[in-house]
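The values are calculated or read from the model by the stated rules, or taken from the named source; none is laboratory data. Please read all numbers here as calculations on a predicted model, not as lab measurements. Quick reminder, even Gly has a Cβ in these numbers, built from the backbone with ideal geometry, and neighbours come from all protein chains shown. Each accessible area value is taken on the protein alone, full model and side chains, heavy atoms only, with ligands, DNA and RNA left out. Shrake-Rupley method; radii C 1.70, N 1.55, O 1.52, S 1.80 Å.
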Number of protein chains: 2
Amino acid sequence: MASTPLIDRRNLDFVLHEMLDTPSLCGYPRFSEHGRETFDAAIAAAHDLALAKFAPHNRKSDAEEPHLVDGRVQIIPEVKLGLDAHAEAGFPAMMADAHDGGMQLPYTIALVCDAMFATANVATAGYTMLAHGVANLLKVYGTPAQQELFMRPILQGRFLGTMCLSEPQAGSSLGDITTTATMHADGSFRISGAKMWISGGDHELSENIIHLVLAKIPGGPSGVKGISLFVVPRFLVNADGTPGARNDVQVAGINHKLGQRGIVNSFLKFGERGECVGFLVGREHQGLPQMFHMMNEARIGVGIGAIMLGNAGYQYSLEYARERRQGRHPDQKDPASPPVALIEHADVRRMLLRQKAIVEGAFALAIHAATLVDIRDNDPDASKRQEAQLRLEVLTPIVKAWSGDWCCKANDDAIQILGGYGYTREYPVEQNYRDNRLNSIHEGANGIQAIDLLGRKTALADGTALKLLWRDIQASIDEAGALPELGEYSDALAVALRSAQRTSDQLTACLARGEIRLGLANATHYLGLMGHLCIAWTWLRQAAVAQRALSVAASSEQPFYQGKLAACRYFFRYELPAIEALAALLQALDATTLEMRPDWF
Amino acid sequence: MASTPLIDRRNLDFVLHEMLDTPSLCGYPRFSEHGRETFDAAIAAAHDLALAKFAPHNRKSDAEEPHLVDGRVQIIPEVKLGLDAHAEAGFPAMMADAHDGGMQLPYTIALVCDAMFATANVATAGYTMLAHGVANLLKVYGTPAQQELFMRPILQGRFLGTMCLSEPQAGSSLGDITTTATMHADGSFRISGAKMWISGGDHELSENIIHLVLAKIPGGPSGVKGISLFVVPRFLVNADGTPGARNDVQVAGINHKLGQRGIVNSFLKFGERGECVGFLVGREHQGLPQMFHMMNEARIGVGIGAIMLGNAGYQYSLEYARERRQGRHPDQKDPASPPVALIEHADVRRMLLRQKAIVEGAFALAIHAATLVDIRDNDPDASKRQEAQLRLEVLTPIVKAWSGDWCCKANDDAIQILGGYGYTREYPVEQNYRDNRLNSIHEGANGIQAIDLLGRKTALADGTALKLLWRDIQASIDEAGALPELGEYSDALAVALRSAQRTSDQLTACLARGEIRLGLANATHYLGLMGHLCIAWTWLRQAAVAQRALSVAASSEQPFYQGKLAACRYFFRYELPAIEALAALLQALDATTLEMRPDWF
């Protein structure tokens, strides 16, 4: 099954060019040099490079995970070779300005390129995605000197980077970090503290590592309002860009994870000798808002990682189900009849349809969200920019958390289809699952995403963010309503939309009354409901495109569009109905969890 | 957290002595020497031994999994020490007749003892549970000589055993096995073929390994009707019980699994030199029914393994949530206020309640099913024996598959509660998950369990098996209905019962019309619905006991009973309502999966 594709290119084209019209982004001046051809070429280059340089060591970097020898992180050589090829091809700068040597691609297309690397090898891709994040943040908040010394080498693929937020005692609760930053006579800072869960925290894969570190300047406000952001390079950089002394940041330990083993995850100590030099990025005490400025993109990145791992399991189990022959139809009583392919069994088809519905539904939503980033950053119309931002704020926790949860379930189905073989490390689907399990935990655990969605996003701009979502969904319902074949689905989505609206109204009213604990008690289920609503929405949009295309499509294209309609049907029949029970629970403001007492367990 | 208990002993007492009355089994002559004291003593001994000799190497045997050196299986020495202690304490013979040196315990109590070993170390416990199965089967179908030569040494803890069913090309589809057995002049057989996924297939943990092998005698019927059962010892055994020559069965490879790594899983070749000696067990061509005679117990064993792994994750994450302080209540705006324990957060409580509801609900159902085994095998009243068997037939696939699916979800919650820590191998919850994931695959994949339940069990004795379940559930509804505090739950269970009945009627009518593929297309969701019904039933039973006990319980006992009521409430409010969507899908005889075509994917 070496021929298993990294991605269903036909589906990608469908999302980018049939459901969406991504080349229309080229109407913005920033992307005016681009067109469908350059977008497609960038994606094809990412695909081929991912297949050639990232996929081949995916299993090896899991089996032979990074380890410490005499305090130095050892990583199999294929990782550096893959990253070097990635840099050589210019991908670290795919979003950067042309005058910085960048490709100046839209975020949407850059995300699709990242997706290729993620589905091939999410661990090695992780180094590159972190570097993107650091460069993007420095682009917005860094001084010209910081950009020159730290950002430009990242864009050139010479440096990598990290995000240092969590500490051993403070993961979800960043207000409780204790790392400090003390100003020095020359205006630089001395950083002191420990950071946990730092992906890419120490290695020799690049000339330097640029850590973005959250720390508190003594005397500042307590909690999150006293957090500042610092750039802390592994090696200091001289003013002329040449490497300086080793900075006082040390790897103190490596975490041994369930999955994503190929990307070293470390416990870092800053300033053990009191000599850790850091440079303030942006303004004092603005560290968290600055970091969160990049958070939507980071979280969509987590979502796309989850989706591409879901995709990897789906593609593999689909090929397996086509090839492996086992058992007979239940009405076939002749034991001498030949076994049928697994894909002939209804329950296997159910698991394949479920994976397809989850993965392709979430992918379409994530790409839709990505286009909002480009609109927000480029549209000449300020109100369009603002509306895109509001839409993005609501969709981000859904793309992150729903994809993380449900694409793990998709991976679980892939294991089940392979049966005993799926349970062994000789087949890739168990690694897909292990790798994916992280996505519900990092970049804000999914419970935090749910509180963000219900507690913050629903109230944004006096509820306008939510109203925009309702309006967008209603528009799709109206549009699909013109197609009689889709009447069942547009009706069902209309019912679901009303349930979501009623539920949102009840919960926001509860929160507005000041019953915060009660209103947020079932936030996870609210996110689940909203996620199903949005995925059903993307399926209705996809079905409308497919239904229209069917009547004019060549016969070779018919199966693809029929597949889209079948997956839509699956999601509406098998998955969407689950939200009614959630809506009832949420509307009842159920207090079961609040009333449970710790000593009753 | 070394003090984390293997099991909540208070809950165990509740199930065995408050919800059920297991000492009443001592009314049967076979168990008349026993009483609550001997039952409790056996369980306590199992617990202490499991804690001392199985738990300490649970992580090590995962990290240092069995491997081949020069064709010999290498296993860390702690496994053999644990098994030796298990044998020394007499557990291999806990169900055996006293005159065979056994403890003559009921199956129910033996299962609870096994549960202690499983929660401590499911891999090492696996060797013992397989040996039980082989001994039990030989007890029923073996000749006196086979019992003497092969069964008795298992009871003495000197031999271990395996079940050799699957082949590389035939997992779920046993009718397609190609291993052959040819009769030899002396009445013994020569076995030739290959068997896959053989747990405990080769090792030096015991003096001998007794393989039970399914094979076909040439010239017999095709399919499952031509399968016979053979005993194939690793070493031949002389008539006086002394070890004979090495038999021609060889380990040809070891599978590297996601979890349960401590129990070697192997690919075995029988008769590579044409000299593999096997002995027919029972009658020719009766291999599968004979093997299935033990299947209910084997599948309840899988269920209890899943439950105890779910329990291990629950207990660990509960302790962690009590100790780890992180974040504040959402209405606490003062960042200087101290962080609260994780257990204070509503979403963490939700995940703890979910684990409790799943694990304790499934445990109560499994133990209830186990008592049916004892009634079936011991009741003097033939109609009671028959009814117990019918009840058991229906409950077995539910105990196996529902527990396998949902206790994995419970383990997933445990990982989420621990967050980043839960994702590392420094904490045990990720191993619990990996170990547990097997239980939906082996001993009949859960899709097969669902077809067994819907396609076979609903029709058993003209539907009497199902009617007995309805009657039992109705009796619990009636009983709980007398308690006004439980009115919400007894009403909800009555509604769920009617949904299940209507759904069953529709599906069985469809099957009776000969629409087999359509009727079975959504069997997995039928099992899901029936599973939720049965777990809700056990929660109502538990709640009724707790509610009655509350009014008379000492204050120190109140939290325990309140916890039972809260978990019942959780299951009825958060989980049970999901079945209405399943019932609607099933009653509509939805054909989405059947109509999907392979080329549409």
Q: Work out the length of the dipole vector of chain B about its Cα centre, built from +1 on the beta-carbon of each Lys and Arg and -1 on the beta-carbon of each Asp and Glu, and round it to the nearest 20 debye.
A: 720 debye
(Q) Using helices alone, I'd like the mean residue ellipticity at 222 nm for chain B: each DSSP H run of four-plus residues gives -39500 (n - 2.57), total over residue count, nearest 500. (A) -16500 deg cm²/dmol
**Q.** Square roots of 5 times each gyration tensor eigenvalue, C-alpha, the range A:503-543, largest first, Å
**A.** 27, 10, 4
Q. Across peptide B:509-521, what mean number of C-beta atoms from other chains lies inside 10 Å of a residue's C-beta?
A. 2
Q) How much net charge surrounds residue B:331 when only other residues with a Cβ under 13 Å from its Cβ are counted (Lys, Arg +1; Asp, Glu -1)? A) +1
(Q) For residue B:203, what residues show an amide H to amide H distance below 5 Å, using hydrogens built from the backbone and excluding near sequence neighbours? (A) none
(Q) Averaging over every viewing direction, what projected area does the convex hull of the Cα atoms of the range B:352-461 cover, in nm²? (A) 7.8 nm²
**Q.** Under 5 Å, built H, 5+ apart or other chain: amide partners of residue B:235
**A.** B:209, B:247
Q. With Cβ to Cβ distances under 11 Å as the rule, what net charge do the other residues near residue B:263 carry (K, R +1; D, E -1)?
A. -1
Q: For peptide A:337-346, compute the average count of partner chain beta-carbon atoms within 10 Å of each residue's beta-carbon.
A: 4
**Q.** Cα Rg over Rh - the protein assembly as shown, Kirkwood
**A.** 0.97
(Q) Please report the accessible area of residue A:182 (heavy atoms, 1.4 Å probe, ligands and nucleic acids excluded) in Å², nearest 10. (A) 70 Å²
Q) What ranking do A:485-495, A:256-266 get when scored by the average of other Cβ atoms within 10 Å per residue, highest first? A) A:256-266, A:485-495
Q: Give me a single rounded figure for B:324-334: the average over its residues of other chain Cβ atoms within 10 Å of their Cβ.
A: 5
Q: Pop out the Kirkwood hydrodynamic radius of the range B:1-158 from its pairwise C-alpha distances, inverse of mean 1/r, in Å to one decimal.
A: 16.7 Å
**Q.** Solvent-accessible surface (1.4 angstrom probe) belonging to residue A:516, in square angstrom, nearest 10
**A.** 40 Å²
(Q) Show me the three semi-axes of the equivalent ellipsoid for chain A, from the C-alpha gyration tensor (sqrt of 5 times each eigenvalue), largest first, rounded to whole Å. (A) 39, 29, 25
(Q) Rounded to two decimal places and with Rh computed the Kirkwood way over Cα pairs, what is Rg over Rh for the range A:130-272? (A) 0.95
Q.
What are the ³J(HN,Hα) couplings of the range A:585-591, residue after residue, when phi is run through the Karplus curve with 6.51, -1.76, 1.60 and θ = phi - 60°? Round to Hz, x for glycine and proline.
A. 4, 5, 5, 6, 6, 4, 10
Q: Would you mind listing the distances between the residue B:99 label point and the same position in each other copy? Use 7 Å along Cα-to-C-beta, nm, one decimal, shortest first.
A: 10.0
**Q.** Cα centre as origin, Lys/Arg/Asp/Glu Cβ charges: the protein assembly as shown dipole, Debye
**A.** 280 debye
Q: Report, in cubic angstrom per residue, the convex hull volume of the C-alpha atoms of the range A:449-599.
A: 117 Å³
(Q) Quick check: the angle from helix A:77-88's long axis to the longest principal axis of chain A, C-alpha only, nearest 10 degrees? (A) 90 degrees
Q: Among B:183, B:501, B:241, flag the residue with its Cα farthest along the positive direction of the charge dipole of chain B, charges on Cβ as +1 for Lys/Arg and -1 for Asp/Glu.
A: B:501
Q) Looking at B:587, B:402, B:264, which one has the Cα that reaches farthest to the positive end of the dipole of chain B (charges on Cβ: Lys, Arg +1; Asp, Glu -1)? A) B:587
Q. How big is the range A:1-81 in terms of Cα radius of gyration and Dmax, in angstroms?
A. 18.4, 54
Q: Between beta-carbons, use under 14 Å as the cut-off and find the net charge around residue A:537, counting Lys and Arg +1, Asp and Glu -1.
A: -2
Q. Rank A:183, A:163 by accessible area, highest first, at a 1.4 Å probe radius?
A. A:183, A:163
Q.
Going by average Cβ density within 10 Å per residue, which order do the peptides B:241-249, A:58-66 take, highest to lowest?
A. A:58-66, B:241-249
Q.
Is there a quick way to get the dipole size of the range A:1-69? I mean about its Cα centre, with the Cβ of Lys and Arg at +1 and of Asp and Glu at -1; what is the value in debye to the nearest 20?
A. 120 debye
**Q.** Sparsely packed GluC sites (Glu not before Pro) within the range A:252-297, loop by DSSP, other Cβ within 10 Å at most 16
**A.** A:272, A:275, A:284
